[in-house]
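This report refers to the structure that appears directly beneath it.
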Amino acid sequence: MVSIEEALKIISEQQVELKSEFRQLHDCLGYSLSKDIIAPFDMPAFDNSAMDGYALCGIFSEYDIVGEVAAGDMSEIKLKDGEAVRIFTGAKVPENTTAVMMQERTSVEGSKLFLELEPKVAQYIRKKGGEFEKGQVVLERGYSITPAGIGLMGSLGFNKIEVFKNPLVNLITTGNELVEPGKPKREGQIYESNSYALETACAQFGFKCENKKQIKDDFEAIKAGSKESIENADVLILSGGISVGDYDFVKQALEENGVEEQFYKVFQKPGKPLYFGRKGNKFIFALPGNPASSLSCFYIYVLPFLQKFSGSKKIGLPKYSFPVKHDFENRGDRPAFLKARIINSEVEILDGQSSSMIQSMAVGNALAFVDAETSVKKKEKIECYLIS
Ligand SMILES: Nc1nc2c(c(=O)[nH]1)N[C@H]1C(S)=C(S)[C@@H](COP(=O)(O)OP(=O)(O)OC[C@H]3O[C@@H](n4cnc5c(N)ncnc54)[C@H](O)[C@@H]3O)O[C@H]1N2
Ligand code: MOO
């Protein structure tokens, strides 16, 4: 049995072989950059107008309108003192522009422009290189790509992005009692739900499960199924059958497949029987079958590993401290990740903390950490991992 800190350290210290690939710009959300993104030109690339209005030369109260520049135009106009051009947002400002005046503050009579107020030098001009300059690193290697990052890379003209390959994930659920949702079940059976929660938890962070298998509590079947997944995937996630019961075959099956245990059992609640193993450059997490245990172990242990394996610098769930809404006592002898809800900057520890209960996790948005045999007083701050 290891502590939470030891388990996380063992996971974070695994040497993983990162590979890179080019992906289309629209298809790299959830991937991480394998190279810095360097601006190929200044941003903006030319001085341009921030408003629909008039580009002015010199500071006067009236001007002669000498032309028009729309967004996308290649303006050849060189303004002289007292001249103005009609201009639109994003259009290149002509040479010698002193300022832009928004059209709401102007009036026009024939070709004469009158201003309601005096312009300030450089107002409403977005200067060339004002955001960043050519050659500047705008996104660093290891940056986990977001929609804004995609927008930025598109604005720099990149249509293919070099990213780290995401690990190939396989998922195996084990249990004789499990029935696929949508099918009839008889007394003693339950619906298989962990694979859905785990697959979508992967997807929440941009990781795809390429293959899902459901296997009975049969040693040979689990051994054969996990052998195949270890061959085909980078990371195998199993759920169930990892405790000490007569039908818990996962650990032994993994051992017989040549998987080397990195740790087994973590001193925590939920998720005590968590197993982590490795075979070469393949990694195996066997999560306890209880629904809240398996998902909580995914968030705390599997997610940081998948992120590391994808070359991301962003590791683990966002973690913040919040004051508790009410007194709380963890009477258990294990440190606990508690299903919790953060509202109005306060954290409420929810009812339904049993490892088999997932409704509290579904309506919650965080896992709150409270050490073993510890009381926390109302307003005392505790660490919370945000799950949504
Ligand atoms: N004698 C002991 N018994 C148990 C211990 C222990 O230390 N000594 N630990 C308990 C703890 S803590 C946990 S957590 C569970 C974990 O057991 P397993 O990983 O072997 O999981 P299973 O027995 O297969 O299932 C546990 C529970 O979860 C349900 N389940 C399993 N798979 C799914 C699924 N895919 N979808 C929905 N629900 C699932 C299953 O029906 C069981 O109710 O062991 C304790 N026992
Ligand atoms: O450690 Mo288990 O996940 O409490 O039921």
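Extension gain, residue 76 to residue 216: 0.36 nm times the residue separation minus the Cα-Cα distance gives 42.9 nm. Amide H contacts of residue 263 (H built 1.01 Å from N, in plane; Pro and chain starts excluded): 276 sit under 5 Å, all sequence-distant by 5 or more or on other chains. The alpha-carbon of residue 185 sits under 19 angstrom from the alpha-carbons of these aspartates and glutamates, leaving out residues fewer than 8 places away in its chain: 177, 217. Excluding same-chain neighbours fewer than eight residues apart, the aspartates and glutamates reachable from residue 378 by a Cα-Cα span under 17 Å are 327, 329, 346, 348, 351. Pairwise Cα distances in the chain exceed 34 Å for 48 percent of all pairs. On the beta carbon distance between residue 321 and residue 372, with R0 = 25 Å, the FRET formula returns roughly 0.85.
Excluding same-chain neighbours fewer than eight residues apart, the lysines reachable from residue 223 by a Cα-Cα span under 22 Å are 212, 213, 251, 265, 279, 282.
Rounded to the nearest 0.05, what FRET efficiency do residue 190 and residue 136 have when you use their Cβ-Cβ distance and R0 = 56 Å? Efficiency computed from Cβ-Cβ geometry: 0.50. Taking Cβ atoms as reference points and 13 Å as the exclusive limit, the residues near residue 323 contribute a net charge of 0, counting Lys and Arg as +1 and Asp and Glu as -1. Need one word for region 319-386: rounded, prolate or oblate. Basis is the Cα gyration tensor (sqrt eigenvalues a ≥ b ≥ c); a/c below 1.5 gives rounded, then a/b vs b/c decides. It comes out oblate by the Cα gyration axes.
Around the amide H of residue 51, modelled in the peptide plane, lie the amide H atoms of 90, all under 5 Å away and 5 or more residues distant in sequence or on another chain. Phi angles across region 317-325 convert, under the Karplus curve 6.51 cos²θ - 1.76 cosθ + 1.60 with θ = phi - 60°, into 3J(HN,Hα) values of 5, x, 10, 9, 9, 9, x, 7, 6 Hz, Gly and Pro given as x. Paramagnetic label reach from residue 22 (point 7 Å along Cα→Cβ; backbone nitrogen cut-off under 16 Å): within region 133-161, residues 154, 157-161.
Residues whose amide H comes within less than 5 Å of that of residue 283, counting only those at least five positions distant or on another chain, are 235, 236 (H built at 1.01 Å from N in the peptide plane).
With θ taken as phi - 60° and the Karplus curve 6.51 cos²θ - 1.76 cosθ + 1.60 applied, the whole-hertz 3J(HN,Hα) list for region 367-382 is 10, 9, 9, 9, 5, 4, 6, 10, 9, 10, 8, 2, 6, 5, 7, 10 Hz, x standing for glycine and proline. Going from the residue with the fewest nearby Cβ atoms within 10 Å to the one with the most, 374, 200 rank 200, 374. Gain on full extension, evaluated as 0.36 nm per residue between residue 46 and residue 267 minus their Cα-Cα distance, stands at 73.6 nm. Counting other Cβ atoms within 10 Å as a rough exposure proxy, the listed residues 385, 275 run 385, 275 from fewest neighbours to most. Across region 127-142, rounded Karplus estimates of 3J(HN,Hα) from the backbone phi angles (6.51 cos²θ - 1.76 cosθ + 1.60, θ = phi - 60°) give 6, 3, x, x, 8, 7, 10, 3, x, 6, 6, 9, 9, 9, 3, x Hz, Gly and Pro being marked x. Stretching residue 183 away from residue 256 to a fully extended chain increases their span by 22.9 nm, per 0.36 nm per residue minus the current alpha-carbon distance. Determine the percent antiparallel among the DSSP beta bridges restricted to the chain, to the nearest 5. Bridges in the chain are about 70 percent antiparallel. Of all beta bridges that DSSP places with both ends in region 212-326, some 65 percent have antiparallel geometry.
Read the figures in this text as sums done on the coordinates, not as results from a lab. Computed from a predicted structure; not experimentally measured. Using ideal geometry, Cβ is built from the backbone for each residue, glycine included, and neighbour counts are taken over all protein chains shown.
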